[in-house]
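Report on the following structure.
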Amino acid sequence: MTEGRPAAAAPRILVVGDLMIDTIVKPEGPLARGSDRRAAIVDRPGGSAANQAAWLAHFGAAVDFVARVGAADRRREAARLTRAGVAPHLVGDARRETGRLIALIEASGERSFLTDRGANLALCARDFPDALVERAAMIHLSGYSFFAPGPREAAMSLIARAGGRPVGVDPASAEFLREAGPDAFLAWTRGATTLFPNAEEASVLAGTDDPLAQGARLAAHYPLVVVKRGAAGCEAFAGGQRWRVGAPPAEVKDSTGAGDAFVAAFLVAHLAGRPIERCLAEGAAAGAVATEFIGGRPEIRRPRG
């Protein structure tokens, strides 16, 4: 910092989407259908949007996070987010319980999910007041919010209220994209400025497995497309430009949250005005770190400054 000049304020990001309680199951071997298999089973706070909010705070952003949870869990989940450096704006739902997710982790670190969206299905536009929108430098949405009518209406209204602010969207689920149809998702997210699909989601949305064609087709809908490709690295597309960065080595224990860490690190670097290739490198490094422990949120919050 230059002497006598105050440090620049951290960018304020409004994150809207899902908060879940994750039950992470790591069997000792292949599932024994109809019988037993020993496994390590732990509960962790989760939800893609909540994870991204925690990682954003970890990397120095100021974060407002809006979601719905079961009324009985609101205080506990708000305290968890506050400890992570996030300003939580949680609505306690008296009729629905907090969303739950079971993650089955293979020996490779790859995972499969069973999801009960719970209170997330009741998210509505009145859950994020104008004051939160007006103080945000950027809005970031979880794709899960687009896969049910109520949350989808709320998410689309928020894009319309962005007022020129950049809007990021993480598609979140290839299977839900297949169910909804790529054309519908592209229409629902019209007006977003950055899309963060993983490789499978990019394939579904673009209708091709060819990386270059994926980028070209999706860049026709979004000013910036950033594709997370796991061990194959990552790339970004804007207009006719393409940037590619490899993945750093990692001792993979659990890939849950790796994409969320990637998005957070990329966004913080991008809002700081760093070159796209540097943003990709920082995202890839964060994603690698996130695979080396169990759970989807940062283990230790990085201090600001």
### Query
How large is ³J(HN,Hα) for each residue in region 269-279, as worked out from phi by the Karplus curve 6.51 cos²θ - 1.76 cosθ + 1.60 (θ = phi - 60°), to whole Hz, x for Gly and Pro?
5, 5, 5, 7, x, 6, x, 4, 4, 5, 4
### Message
What's the ranking of 65-75, 139-149 by average number of surrounding C-beta atoms within 10 Å, highest first?
### Response
139-149, 65-75
### Summary
Under a Gaussian network model of the chain whose springs join Cα atoms within less than 10 Å, the largest fluctuation of Gly191, Gly207, Gly118 belongs to Gly207
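List the relative contact order of the chain as a percent without decimals, with contacts defined as Cα pairs under 8 Å and 6+ residues apart. Could the numbers behind the result be given before it?
On the way: 684 pairs, mean separation 54.2, N = 305.
Relative contact order of the chain: 18 percent.
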### Message
Using a 7 Å offset from the Cα along the Cα-to-Cβ direction at both Ala187 and Ile41, what is the distance between the two label points in nm, to one decimal?
### Response
4.3
### Amide hydrogen neighbours beyond the local backbone of Ala172, cut-off 5 Å, H modeled
Gly143, Asn198
#### Entry: For Phe185, net neighbour charge (Lys/Arg +1, Asp/Glu -1) across residues whose Cβ lies under 15 Å away
-3
### Interchain or long-range residues, amide H under 5 Å from Ile13's placed H
Ala62, Val63, Asp64, Ala137
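Let me have the 222 nm mean residue ellipticity of the chain computed from DSSP H runs of 4+ only, each contributing -39500 (n - 2.57), with the sum over all residues rounded to the nearest 500. Let's see the in-between values first.
Values: 10 runs with 98 residues, N = 305.
Taking each H run of at least 4 residues, the total per residue is -9500 deg cm²/dmol.
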### Query
Mean shadow of the chain, computed from the convex hull of its alpha carbons, in nm²?
16.5
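Compare the peptides 287-296, 259-268, 215-224 by average per-residue count of other Cβ atoms within 10 angstrom and give them in order, highest first.
Numbers: 287-296: 21.1, 259-268: 27.9, 215-224: 18.8.
My ranking of the peptides, most packed first, is 259-268, 287-296, 215-224.
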#### Entry: Relative contact order (%) - criterion: Cα under 8 Å, at least six apart; region: region 34-100
33
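Using per-residue counts of other Cβ atoms within 10 Å, averaged over each peptide, order 173-179, 271-277, 55-61, 31-37 from highest down.
Values: 173-179: 16.6, 271-277: 14.3, 55-61: 25.7, 31-37: 8.3.
Going from most to least packed, we get 55-61, 173-179, 271-277, 31-37.
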### Query
With r defined as the distance between the Cβ atoms of Arg75 and Leu114 and R0 fixed at 25 Å, what FRET efficiency is calculated, to the nearest 0.05?
0.40
### Message
Can you tell me which of Leu121, Leu212, Leu101 moves the most in a GNM of the chain? Springs connect C-alpha atoms under 10 Å apart.
### Response
Leu212
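Every read-out reported here was derived from the displayed coordinates using simple, explicitly stated rules and does not represent laboratory data. In this text, all values refer to a predicted model and were calculated from it rather than measured experimentally. Glycine gets a Cβ as well: all are built from the backbone with ideal geometry, and neighbour counts include every protein chain shown.
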